[in-house]
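The values are calculated or read from the model by the stated rules, or taken from the named source; none is laboratory data. A quick note: this is a predicted structure, and the numbers were derived from the prediction, not measured. Note: ideal-geometry Cβ built from the backbone for every residue, glycine included; neighbour counts use all protein chains shown. Remember, those area values only see protein heavy atoms, side chains included, never the ligands or the DNA or RNA. Shrake-Rupley method; radii C 1.70, N 1.55, O 1.52, S 1.80 Å.
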Amino acid sequence: MHLADDPKTDAISAGINLRHVGTKRIMSRLDVQILTGIGQSSAIKLMKSTHHCFSIANQYFVMEEDLFDYFHKLAEGASE
């Protein structure tokens, strides 16, 4: 089997930098999984908890800056 025949492997090998909107990046559920090391359902829950998650054709996406802003808010809340 060629790597390009498997879309999941192909997406992983292509890396997170696939989707750009100007200078901003759109992250898929798979991108969030790779970045955080969590499972599929946990990645979707995390993306939804940012309140900036959107779906297209039953695939979830979030802007990279929104995800990192959410991480910063969580870190601030934990340090208080």
Note the per residue figure in Å³ for the convex hull of the C-alpha positions in region 15-76.
-> 85 Å³
Using the heavy atoms of the protein chains and a 1.4 angstrom probe, tell me the accessible area per residue for region 15-76 in square angstrom.
-> 63 Å²
With label points built 7 Å along Cα→Cβ from the Cα atoms of Asp69 and Ala57, find their separation and express it in nm.
-> 2.8 nm
Using the Cβ atoms and a cut-off under 13 Å, what net charge is assigned to the surroundings of His51, where Lys and Arg are +1 and Asp and Glu are -1?
-> +1
